[in-house]
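Heads up: the structure comes next, in structure tokens.
The values are calculated or read from the model by the stated rules, or taken from the named source; none is laboratory data. The model shown is predicted, which means the values in this text are computed figures rather than measured ones. Cβ placement follows ideal geometry from the backbone for every residue including glycine, while neighbour counts extend to all protein chains displayed.
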Number of protein chains: 2
Amino acid sequence: MSQIEYFMPEGFRVSSIEAAVKKPGRKDVAVIYSTVSATASGVFTTNLVKAAPVLIDMERIKGGKGRAVVANSGNANACTGARGLKDALKMSLAVSKALKIPDDEVYVASTGVIGTPMPVARMIPKIKEAALNVGNSTLLDAAHAIMTTDLFPKIASARFNISGKDVTIAAIAKGAGMICPNMATMLCFVLTDAAIVRAALDEALTSANDQSFNRITVDGDMSTNDTVLLLANGLAANSAIKSGTKNFGIFKNALTEVLLTLAGMIVKDGEGASKVMKVVVKGAKNEQDALILARAIASSLLVKTAVYGCDANWGRIIAAAGHAGVDFDPNRVDIFFGGVRAAKNGLTTNNDNAAATELKAASVTITVDFKTGGKASAQVLSCDLTEEYIKINADYRT
Amino acid sequence: MSQIEYFMPEGFRVSSIEAAVKKPGRKDVAVIYSTVSATASGVFTTNLVKAAPVLIDMERIKGGKGRAVVANSGNANACTGARGLKDALKMSLAVSKALKIPDDEVYVASTGVIGTPMPVARMIPKIKEAALNVGNSTLLDAAHAIMTTDLFPKIASARFNISGKDVTIAAIAKGAGMICPNMATMLCFVLTDAAIVRAALDEALTSANDQSFNRITVDGDMSTNDTVLLLANGLAANSAIKSGTKNFGIFKNALTEVLLTLAGMIVKDGEGASKVMKVVVKGAKNEQDALILARAIASSLLVKTAVYGCDANWGRIIAAAGHAGVDFDPNRVDIFFGGVRAAKNGLTTNNDNAAATELKAASVTITVDFKTGGKASAQVLSCDLTEEYIKINADYRT
């Protein structure tokens, strides 16, 4: 049916099914299975309030092994207390029993409404059925199953050569709202057939995540459920990748590329977004300053609404930077919308109309050069803020 | 014309005029004059990017004296460089010459578009005319003249007795957007005929401001122009108020009350707001934690949109608290909408419908008890986030 093409790594089987978690009418559960035990790595929400599946996964990831993932949309299993933990464990047990694999190598991920107990009674039989039928779905089907307010499924892949072997990475994600200050209501499952040692896998994921999901923002909120899971099953039979090697660099770059692609899709699909907004900060004293400034600009409601309205209102940009807590001289700042310089040394260039025209594009780049004498730069992806965001979030549970 | 009643302190004269700063059709300049030199105090934006009039006022306030204020809406004179400073000085000079008062006792305040030079050529003659005609307008007229996207003028007053004399405080403000993390695109001029020593005036203003304007939020942005100015001309002829006295307490409380009233009006008039949202945090370890938590909840877009949609989505509240950076146990948290407890010990009480009914009021109180064992509490006023906010800010400059 779908025309989306992607590479699929060896040895992963996928299943998806309708469990009517929130309501009937669509597949809302996915099971991903590796035919052999995989090396596993994960990154999780830093919100103090963590959903039950996150608490379970954070414990299990310590073992460094993974064999399957069970994920659902419709209910986040967050703020559900002891019952929530039991429910999440029931989900993993349904999978491990059906597939006859160690229960602590099954990861659980949920997304959807917070504070409502999971309808496990109707979910568990469906999860079992899905697990028994791995292979009946594509990874793209799984990407569909984990969607909440997402308007389109998010999938990306890469194929490259390591020590004479074809190695593949494929990943799916769901996003939409709450994407900031770090990765947020966001699930991402990355599958690879690379052979790679655990420490190298962790290092690559941390770095790639920091360069991608940690540099996007939709609404400044951060969810209780953020999870990025990476399973590497080694079936590409390359010589095992170790940190600090050339092959590690190849793998890390490919992984970063895949996560960046998904991050871009998440922002493009930001709740109600009409356009993607890339904020590039240049000339900062150091990278930390650059990132703080880029985040402050990319998160400002006044900047996001101005971009929505195609108003090259650079004053809002410099004002947003001004309360980021980073020192700079406002009288040196240059601001560009696309290729048009709207402000030079903190003053208007009287190019508002040309700059506004740049804002009519589906993807807008705002470049701010702070000219501190430093050469540090950073980039944050965001989206505009529209009436549609309000509608989506005012009516979410109804 | 207007039916708004307020007390007016002795010895202040007001004028307002149309200078067509942004466009013709309304009075957009106000001059406030004290017939005798007043003791002056001020609080200004902490944004690194400060508008020209703010830079001038911050310098002049060091002298501790004030005789007049000239304020305009339509243009913020921010990000206007050396020319902006000259323009602001021209504004004060027009007033000081016309009224034959020391130029460094004239304060300047501007609000409106950022980054566009002031149309001083047409403003200066109008400012002179206004200064020459002080007494031709009421303080309420001045409140009208400083409005930008405000839907109604903001004025409050108090009259009380100090050492047998009637003392009056009257204040006007403009607000609407950008009201956070501290007072933001907000101008407030407070006039009193109290006799009070400079140190006591500073102490009272700092305290009252912290309890009022620093505890409201509309959209998380902070402006380049925030200014609260307080002139105390002593014409009530009370014995001069000093810090640490009973009279100081009376004055400070009255001032806090007046600023709180204005703060409430600003939130009620938050851009596009359909209802006022009061967030009360209880049971925090200390006051700082309580304030951080209250601000995080009151600022969350997901909380604000849920309140707009009358959705008692307490999960978003606990999630917003969870990324505030303050430690608490999610399993102890109680959340109330109005009088209805929606969550107890971090779990749903299945009272969503009753709680949603509470959200239909024009003013909504969300109480979150963290039950840390501590008894600290804090309260932040905010408003919901609606499609109208987006419309206002997408189209602001057009």
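Assess whether B:Asp334 counts as being closer than 17 Å to B:Asn286 by Cβ and either out of contact with any Ser or Thr (no Cβ under 9 Å at 6 or more places or on another chain) or not small (Gly, Ala, Ser) (or both).
Criteria not met by B:Asp334.
Please find, among B:Glu287, B:Glu271, the residue that is in contact with a Phe, Trp or Tyr (Cβ under 6 Å, 6 or more places away or on another chain), of a type in the set (D, E, K, R) and either at positive phi or more than 7 Å from chain A (Cβ to nearest Cβ) (or both).
B:Glu271
Could we say that A:Gly346 is more than 30 Å from the chain's Cα centre (by Cα), on the phi > 0 side of the Ramachandran plot and facing another protein chain (nearest Cβ under 7 Å) here?
Yes: the conditions hold for A:Gly346.
Matching residues to (1) without any contact (Cβ under 8 Å) to a residue 40 or more places away in the chain; (2) within 14 Å of chain A (Cβ to nearest Cβ):
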| site | (1), (2) |
| --- | --- |
| B:Phe12 | no, no |
| B:Ala51 | no, yes |
| B:Lys65 | no, no |
| B:Ala94 | yes, no |
| B:Leu99 | no, no |
| B:Thr111 | no, yes |
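Condition check: among the hydroxyl-bearing types (Ser, Thr, Tyr), more than 9 Å from chain B (Cβ to nearest Cβ) and in contact (Cβ under 8 Å) with a residue 40 or more places away in the chain. Does A:Ser377 satisfy that? Explain how you work it out, then say what you get.
On the way: among the hydroxyl-bearing types (Ser, Thr, Tyr): yes; more than 9 Å from chain B (Cβ to nearest Cβ): yes; in contact (Cβ under 8 Å) with a residue 40 or more places away in the chain: yes.
Criteria met by A:Ser377.
Given the residues A:Ala71, A:Ala78, which is the only one that is assigned to a loop (DSSP other than H, G, I, E, B) and in the same structural domain as A:Leu201 (by TED's automatic domain parsing)?
So the residue among A:Ala71, A:Ala78 that is assigned to a loop (DSSP other than H, G, I, E, B) and in the same structural domain as A:Leu201 (by TED's automatic domain parsing) is A:Ala78.
Evaluate the stretch A:313-320: report whether one residue or more is at pLDDT 90 or above, surrounded by fewer than 19 Cβ atoms within 10 Å (Cβ to Cβ) and out of contact with any His (no Cβ under 8 Å at 6 or more places or on another chain).
No, because not a single residue in the stretch A:313-320 is at pLDDT 90 or above, surrounded by fewer than 19 Cβ atoms within 10 Å (Cβ to Cβ) and out of contact with any His (no Cβ under 8 Å at 6 or more places or on another chain).
Of the residues B:Ala236, B:Ala254, which is more than 27 Å from A:Leu302 (Cα to Cα) and either in contact with a Pro (Cβ under 9 Å, 6 or more places away or on another chain) or within 14 Å of another protein chain (Cβ to nearest Cβ) (or both)?
B:Ala236
Would you pick out the residues in the stretch B:108-129 that are farther than 27 Å from A:Asn345 by Cα and within 25 Å of the chain's Cα centre (by Cα)?
Listed by number, the list holds a single entry, B:Ile127.
Find all pairs meeting these conditions: Cβ atoms under 6 angstrom apart; at least six residues apart or on different chains; first residue within the stretch B:332-354 and closer than 15 Å to A:Val49 by Cα and in contact (Cβ under 8 Å) with a residue 24 or more places away in the chain; second residue crowded, with 19+ Cβ neighbours inside 10 Å and of a type in the set (Val, Ile, Thr).
That search, which allows pairs on different chains as well, returns B:Val333/B:Ile318; B:Ile335/B:Ile317; B:Ile335/B:Val368; B:Ala343/B:Ile335; B:Gly346/B:Val333.
Is one or more of the residues making up the stretch A:44-53 part of a strand (DSSP E or B), at pLDDT below 95 and touching a helix residue (DSSP H, G or I) at 6+ places or on another chain (Cβ under 8 Å)? So that I can check it myself, show each step before the final result.
From the stretch A:44-53, those part of a strand (DSSP E or B) are A:44; that's our starting set.
Cutting the leftovers down to at pLDDT below 95 gives us A:44.
Narrowing the set further to residues that are touching a helix residue (DSSP H, G or I) at 6+ places or on another chain (Cβ under 8 Å) leaves A:44.
Yes, that holds for at least one residue.
I'd like the full set of residues that are crowded, with 23+ Cβ neighbours inside 10 Å and among the aliphatic types (A, V, I, L, M), limited to the stretch A:96-138.
Hits for the stretch A:96-138 are A:Val106, A:Val108, A:Ala109, A:Ile114, A:Met118, A:Met123, A:Ile127, A:Ala130, A:Ala131.
May I ask you to list the residues in the stretch A:121-140 that are among the aliphatic types (A, V, I, L, M) and over 22 Å from A:Met186 (Cα atoms)?
The initial filter retains those residues of the stretch A:121-140 that are among the aliphatic types (A, V, I, L, M), namely A:121, A:123-124, A:127, A:130-132, A:134, A:139-140.
Within the stretch A:121-140, A:Ala121, A:Ile124, A:Ala130, A:Ala131, A:Leu132, A:Val134 meet the criteria.
Could you check, for the stretch B:366-374, whether at least one of its residues is crowded, with 20+ Cβ neighbours inside 10 Å, under 27 Å from the mean Cα position of the chain (by Cα) and in contact (Cβ under 8 Å) with a residue 40 or more places away in the chain? Steps first, please.
Step one: of the stretch B:366-374, the residues crowded, with 20+ Cβ neighbours inside 10 Å are B:366, B:368, B:370, B:372.
Narrowing the set further to residues that are under 27 Å from the mean Cα position of the chain (by Cα) leaves B:366, B:368.
Now drop any that are not in contact (Cβ under 8 Å) with a residue 40 or more places away in the chain, which leaves B:366, B:368.
Among the residues of the stretch B:366-374, at least one is crowded, with 20+ Cβ neighbours inside 10 Å, under 27 Å from the mean Cα position of the chain (by Cα) and in contact (Cβ under 8 Å) with a residue 40 or more places away in the chain, which makes the answer yes.
Check the stretch A:328-338 and report whether any residue there is within 30 Å of B:Gly315 (Cβ to Cβ), crowded, with 18+ Cβ neighbours inside 10 Å and at pLDDT below 95.
no
Got a sec? Which helices (runs of 4 or more DSSP H) wholly within the stretch A:240-340 have at least 1 residues that are touching a helix residue (DSSP H, G or I) at 6+ places or on another chain (Cβ under 7 Å) and assigned by TED's automatic domain parsing to the domain that holds A:Val364?
By residue number, A:287-299, A:301-308, A:314-322.
One line per residue, one yes/no per condition, for (1) under 21 Å from B:Tyr389 (Cα atoms); (2) within 14 Å of chain A (Cβ to nearest Cβ); (3) not basic (Lys, Arg):
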position: B:Gly283; (1), (2), (3): no, no, yes
position: B:Leu302; (1), (2), (3): yes, yes, yes
position: B:Gly309; (1), (2), (3): yes, yes, yes
position: B:Phe328; (1), (2), (3): no, yes, yes
